[in-house]
Each structure stands twice: as structure tokens, then as C-alpha cells.
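Asker: Mind having a look at this structure? Questions to follow.
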Number of protein chains: 2
Amino acid sequence: MKTNKMYEAGDVRVEDVPVPRVQQPTDSVLRVVASCICGTDLHPYHNMESHDHGEAMGHEVLGRIEEMGEDVTGFKKGDLVVVPFFYADNTCPHCQEGWTTSCVNGGFMSGGQAEYVHIPQAQGSMFKLPDEIEDDSPLIPSLLTLSDVYGTGYHAAVMGGVNENTTVTVIGDGAVGLLAVLSAKKLGAKKIILMGRHKERTDLGVEFGATNVVPERGEEGIAKVRELTNGEGTHVVLECVGLMPAFEMSAGVVRSGGVISRVGAPQYNDAPVGASFFGRNITLTGGPAPTRAYMEELLPDILNGTLNPGRVFDVTMGLDDVPEGYRAMDNREALKVLIRP
Amino acid sequence: MKTNKMYEAGDVRVEDVPVPRVQQPTDSVLRVVASCICGTDLHPYHNMESHDHGEAMGHEVLGRIEEMGEDVTGFKKGDLVVVPFFYADNTCPHCQEGWTTSCVNGGFMSGGQAEYVHIPQAQGSMFKLPDEIEDDSPLIPSLLTLSDVYGTGYHAAVMGGVNENTTVTVIGDGAVGLLAVLSAKKLGAKKIILMGRHKERTDLGVEFGATNVVPERGEEGIAKVRELTNGEGTHVVLECVGLMPAFEMSAGVVRSGGVISRVGAPQYNDAPVGASFFGRNITLTGGPAPTRAYMEELLPDILNGTLNPGRVFDVTMGLDDVPEGYRAMDNREALKVLIRP
């Protein structure tokens, strides 16, 4: 079968490898119906040191069950399922509290940019989609976002405590930022300021519910958000980037007593959360989204067509074009690449 | 009148100064019935550079109204009131959301270690106590803790989201830490681990509701707390110290998806809240407690004798002995010094 492996920064190759098989009784194997390239995949695309074997890429997967280990029950071959970017048994003490990304038997998914993919902890990870959905359903892109980007944007908003009484700033106009906007709107926020400077993306953000767009960054961006909020900043900041300048902007635009909710993986070790941060009673929250825990909640709006988070996919490619897909996302020619094997 | 001023680290002097008068229509002047020395006062006691004029000390005040500006209504001369350590108008946009420590007209109280004290923003700051309470009531010490230490411990617990389903670690056995224990118990926590190594203090912590005491610190202390919690840590950590080792212990004992709630003013600028902190979905919250906002809620338990937070005062002194009181608190001979002018 075809798969995509990364050998070092900038080097993604389509290869022919054996179809994966179930190895543990808790595993499954899916035939991939749709997967995608994630903004997170661009980190190794920039930084990966040379590998002999290549890393199988792709942590967002929607597919049909091809094979299951004997411990996996309640599913049948051919079922359409979506899988979170972090597999989990969904029964350990952390999973029981909803923190599937801290599962003691969990780990990051990989190998989704392929024809077939191996799913560890299949019982806890696979989320069954309705039988009537065909492989070519127009809902597929939106359903795939439950794996990562929609659940991640929603996690930001939930951890931030967004509701109808909170004003919100979203930092970052990537797929997660745009779906954080969608999520804030879903949770009732009436003022949603999107900080981003790529007009075609922020235009989609406005369609998703952003009430204001601030393309400026740094001190200028902070001043602009404050201008829009009587000088006070917003109750919640959804930080969907992960770089220190985004952290600093978050601290600059958050209201006293407010919350900075991070879902962009921090590319820094330390951050200025000392006296001045503390002095304003700012809360810092967020982390890798336990997307499995949100699937039940987010599914209905997709099925009934109310929300269409799949609009973040602006390019669709086959497996042979995935290396080109990385290049296009890296150059910001593509917002997010959908892969149809 | 007598007041206490600090001139530099280690140098507190009793002085004779004029009785303060109302200067603005929003001011008042109180005759001090009780005040105290705060752990926070020990920071300048260690670090203050030499001053010509001396700093009037004391930010925790309970007293009777002596004089009021014309804009202060609903009170009368002689009313017994308690005042938060941070005065506030209680009407600005931040106060309206409960963040009185971010009041646009607010500031830190000072001058309470004296016979009379000047109260800015008296209307928003003074909280009237019941008429029947006499100056020598045994409730006075507990009522005084509403100004700072009880409200601060309670703020830690509230911001941490303590309830009957959360396990709690309290770091620090000073007055705030002990009252954080009391607050966690009040909010229903069933497991409360107190990290502190002064037995006479942790003994009071046990009376306040701590179920376990861990005197060890650093990695050893972290291991002990994890041992008490199936290796998982507690849902909430109430960090009542403010030093980096306490932050590091907090990160070590908090459960995945848990909350570190800080009320010890951070004596650091940056803290390690990068990838590993983020990776476990840890929330960092807390700040200077808006104690005015909690007074209504905390008063009844004191009045009916259910809770006695005033037990943190283990020494009572007159104004002449305040310099000795600083020395005793600094040497940990006293937990917290009550001042009766």
C-alpha cells in the first residue's frame, strides 16, 4: 500500500509498504477514507533531523474498519469511524475524567497519510459514525475535523470558559484558530475578535462568527484589541499558535480576571507568568485536546448541517501528492490539505 | 497618635504622627480596633532599601468609623467595619465582575498598624459588621481575617475549583495556607494534603481539615503526595508560598487536567509552563484575592461560630510591640501577630 514518510526536514516521500495487520488484541486496522496534513506536521517538516527509516506521518484519520483484535467489541468490519489524534483506552483514571490525552495506555496516532492505518487501543479510540454515511458524503471533511482541529478549537473555547457573557480574542488564523472562532460562536460568545493577517483565512473566520478582525501584531495588535474593548481586553483569549509572541499578545489583550486558553503547542519552555500576570488574576489553561471526549457533543451539528468545520480544507489531494501538499501548506498556499487515498 | 513605619529592611519604628483626616469626599478615617502583621510585610522587612520618611505599615484593618467624606453613604460614625487589603470603588467595570484588586481607582491599603487609619474609596471598601459586635468580642480576630488571609485562602480554593469531588494539596503552612485548608474543607474537599514542616502549624491545619500532612519538600515531597494519590497527584494545588520551589512542587503534585491556584505573590518572573506543563492540560490560576467580594459569603460561618479562622493569630500585641512582632514572625516564633491598639 502507499504511505507517506518523512525522512528529514522538507523530505516527505510516498512509499510502498505492507498493509498493517492487527498485532495486539486491542488493535484495529482501518482502510483510510480521509486523512489530512496538520499544522503540527509542519514542525518536523521544518526541524526533523535525518532518519534512516522515515517516520510514518498523519495523526488525523477517518476510515472503515478492515480488521479488529479480539478485545475490540461493539464494532463490525466496514464500520465508518473517526479516531482522535491521540489514541487512548478511554477507561484509565485520566480518561474517566475526560483527559484522554493523558491516558496511561495512550499515544500519538501516526501513519494516517496512507491507504491503511494501524489503530492501537481501538476500543477506546474509534468513534462510530452513522451507517448511512458513504465514503463520498459531503460531510466527510467536517467529520474528519473531529479527529483534531475542530475538537482542538472547541477545547480551547471550553477550557477558556467561553459563554454568552464572555468577549473572546482568537489568536491565529490557521485551521485551529478558525475552528476556535466557530467554537466560541457555538458557545454563545457575542464578540469574537480574530487576530490574523491572511485575508482569505480571516474572511472564513468572519463567516464562522468572528465579529472583528485585527491583522496587526505585537503592541499594535494589542492596542487595536483594547480599542475594541473599552481599553479592557477580552475575558477569554484562545491562543492557537504556540509561539512566545502569541503568548505575549495573549497577556496583552486579556482582561483582568480573564483566561488565556492555549491549544497551540508551546515552542518555549518558560513564560512570563510572574508578578504582573498574577497581579491581574489571569488564568492560563489549555493543552492537547482530548478530542475523543468531545465527539459525541460535536457530531449532531455536523450531521444536521448546522456547522461545517470541514470548510477549513481548501485543497484535496491523493496520496501521491502529499509531498506537494506539505510544500503548499508550508508556503501558506493551502490552509489545510485533505487527503483522499 | 501612634503608628508603625518601616525605614529599611529590619527597621520598624513606633512613631507619633498626627491623626489622619478625610481628604477626599470618598475617604473615611477609622479608629483601629484590630490590625495585624502579614506574611507579605516580611518581604520589605527583608528587602526594603533605606527610606527617609518611612513607610506606614499595615494593610489589614478592622475599625470603627471616626470620620467620613460627604460621598460616603449608608454608614454612620461608630460603625464597625472591616476593610480589604486592597481598597476599591466597587463600581468600576472590573469591580462589577468581582475583580476588586483590579479596580481602576483602587490601591493597596497601608497605615493599619496605628491608632487611626485613612481609607480611600471608603464606600466601596468598608464592609459593615453587625451592630452588636463589641470591640472586645472574641469574634474580632476571625472578622479581621476577612480583610486578607481568610479571603486569600478562600480565593485560592475558589479559583482552584475545589468541590466535594476534588482532591487538594495545599503548599505552605503560613496563615494563608492554613486558611486555604479551611476553605477547601468548607467547599467540600474530602482529601486535603497539607505540605508544611512546622508541626505546630500543620497541627492547626489538621484541625482546620487537612487529612494528610507532608513535611518533605522537593522531589521527596512530590513522591509522598503521589504515594497518597495512587501516583496521580491531586486535582487542585493551592500554592500559598510564591517561591519557585513551591511552583515546581505544585507542577509535580498536580494531576493531569488539574489546577494550580496561586495566592502566594510570585517572587519570580518566568516559570516553566511550556511543553510538559501544557502536555498535561494543567491550569495555572490565582492572583491577589478580591477579598471584598467574598466578605458577604464568609461572614455567616464566623458569626455563628462554625468556623474560627482567627485561630491563625497566636500572638497579640499593642502598637508599642509591633517592631518586636515583626522580629517574632520573621523568626517563626509567631505564626501571625494580632495588633490591638
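Asker: Of the heavy-atom accessible surface of chain B (probe 1.4 angstrom), what whole percent is carbon and sulfur?
Answerer: 48 percent
Asker: Related question: Order A:Glu296, A:Glu60, most accessible first, counting only protein heavy atoms with a 1.4 angstrom probe.
Answerer: A:Glu296, A:Glu60
Asker: Rg(Cα) of the protein assembly as shown divided by 2.2 N^0.38 Å?
Answerer: The value comes to 1.09.
Asker: Next up: Take the alpha carbon atoms of region A:48-172, find their radius of gyration, then divide it by 2.2 N^0.38 Å using N residues; give the quotient.
Answerer: 1.19
Asker: If R₀ is 25 angstrom, what is the calculated FRET efficiency for the pair B:Glu248 and B:Ala275, using the beta carbon separation as r and rounding to 0.05?
Answerer: Result of the calculation: an efficiency of 0.95.
Asker: While we're here: For peptide B:225-233, compute the average count of partner chain beta-carbon atoms within 10 Å of each residue's beta-carbon.
Answerer: Mean partner-chain Cβ count within 10 Å for B:225-233: 1.
Asker: Within a 10 angstrom radius of each residue's Cβ in B:248-256, how many Cβ atoms of other chains show up on average? Whole number is fine.
Answerer: 2
Asker: Also, I was wondering about something else. Whenever you get a sec, line up B:Arg201, A:Arg332 from highest to lowest accessible area (probe 1.4 Å, protein heavy atoms).
Answerer: A:Arg332, B:Arg201
Asker: Straight distance only, please: which lysines reach the Cα of B:Lys5 with their own Cα at less than 29 Å, same-chain residues fewer than 8 apart left out?
Answerer: B:Lys77, B:Lys128, B:Lys336
Asker: Report the Cα centroid-to-centroid distance between region A:144-183 and region A:109-130 in angstrom, as an integer.
Answerer: When both Cα centres are located, 24 Å separates them.
Asker: If you build the convex hull over the alpha carbons only and average its shadow over all orientations, what do you get for chain A? Give it in nm² to one decimal.
Answerer: Dividing the Cα hull surface by four gives the mean projection, 16.6 nm².
Asker: Once all Cα-Cα distances of region B:153-286 are split into 5 Å bins that start at 0, what whole-number percent is in each one?
Answerer: Per 5 Å bin, starting at zero, the Cα-Cα P(r) for region B:153-286 comes out as 2, 13, 25, 27, 22, 9, 2, 0 percent.
Asker: Moving on. Rounded, prolate or oblate: pick one for region A:38-120, where a ≥ b ≥ c are the square roots of the eigenvalues of its C-alpha gyration tensor, a/c under 1.5 means rounded, and failing that, prolate if a/b is larger than b/c, else oblate.
Answerer: Since a/c reaches 1.5 but b/c is at least a/b, the shape of region A:38-120 is classed as oblate.
Asker: Buried accessible area for the B:A pair, summed, 1.4 Å probe, in Å² rounded to 100?
Answerer: Separately minus together, B and A give about 3000 Å² buried.
Asker: Amide H of B:Lys191 versus every other amide H placed in the peptide plane: which residues, excluding those fewer than 5 positions away on the same chain, fall under 5 Å?
Answerer: Those qualifying (amide H under 5 Å, at least 5 residues apart or on another chain) are B:Val168.
Asker: Taking a probe of 1.4 angstrom, what is the accessible area of A:Trp99 in Å², to the nearest 10?
Answerer: 40 Å²
Asker: Enter the accessible area per residue of the protein assembly as shown (Å², integer; probe 1.4 Å; all protein chains in place).
Answerer: Each residue of the protein assembly as shown exposes 38 Å² on average to a 1.4 Å probe.
Asker: Tell me the distances, shortest first, between B:Met1 and the same position across the other copies, using label points 7 Å along Cα→Cβ, in nm to one decimal.
Answerer: Output for B:Met1: 8.1 nm, nearest copy listed first.
Asker: Further question on the same structure: So which GluC sites (Glu not before Pro) in region A:76-184 are both in a DSSP loop and have at most 11 other Cβ atoms within 10 Å of their Cβ?
Answerer: Answer by residue number: A:Glu132, A:Glu134, A:Glu164.
Asker: Among DSSP bridges having both ends in chain B, what percentage is antiparallel? Round to the nearest 5.
Answerer: Close to 55 percent.
Asker: Sticking with the crude label model, points 7 Å out along Cα→Cβ, report the distance from B:Lys2 to A:Asn212 in nm, one decimal please.
Answerer: Label at B:Lys2, label at A:Asn212, 5.5 nm between them.
Asker: From the label point of A:Glu248, set 7 Å along Cα to the beta carbon, how far off in nm is each other copy's matching point, shortest first?
Answerer: Label-point distances to the other copies, shortest first: 2.7 nm.
Asker: Modelled label-to-label distance, B:Glu220 and B:Glu70, 7 Å Cα→beta-carbon offset: nm?
Answerer: Inter-label distance under the simple model: 6.6 nm.
Asker: Now, a different point. Express the C-alpha Rg of region B:232-301 as a ratio against the empirical globular expectation 2.2 N^0.38 Å, rounded to two decimals.
Answerer: This ratio for region B:232-301 stands at 1.24.
Asker: Compute the distance from the alpha-carbon center of region B:194-219 to that of region A:1-64, in whole Å.
Answerer: Using only Cα atoms, the two centres lie 50 Å from each other.
Asker: Measuring from a point 7 Å out along Cα→Cβ, what nm distances, shortest first, does A:Ile133 have to its partners in the other copies?
Answerer: 6.0
Asker: Convex hull volume of the Cα atoms in region A:280-341, per residue, in Å³?
Answerer: For region A:280-341, the hull spanned by Cα atoms encloses 175 Å³ per residue.
Asker: Identify which of B:Ala114, B:Ala157, B:Ala122 has the largest mean-square fluctuation in a Gaussian network model of chain B, with springs joining Cα atoms closer than 10 Å.
Answerer: Most flexible of the set in this elastic network: B:Ala122.
The values are calculated or read from the model by the stated rules, or taken from the named source; none is laboratory data. What you see is a predicted model, and the numbers here were worked out from it, not measured in a lab. So basically every Cβ, Gly included, is an ideal-geometry build from the backbone, and we count neighbours across all protein chains shown. Only protein heavy atoms, including side chains, enter the accessible area calculation; ligands, DNA and RNA are left aside. Shrake-Rupley method; radii C 1.70, N 1.55, O 1.52, S 1.80 Å.
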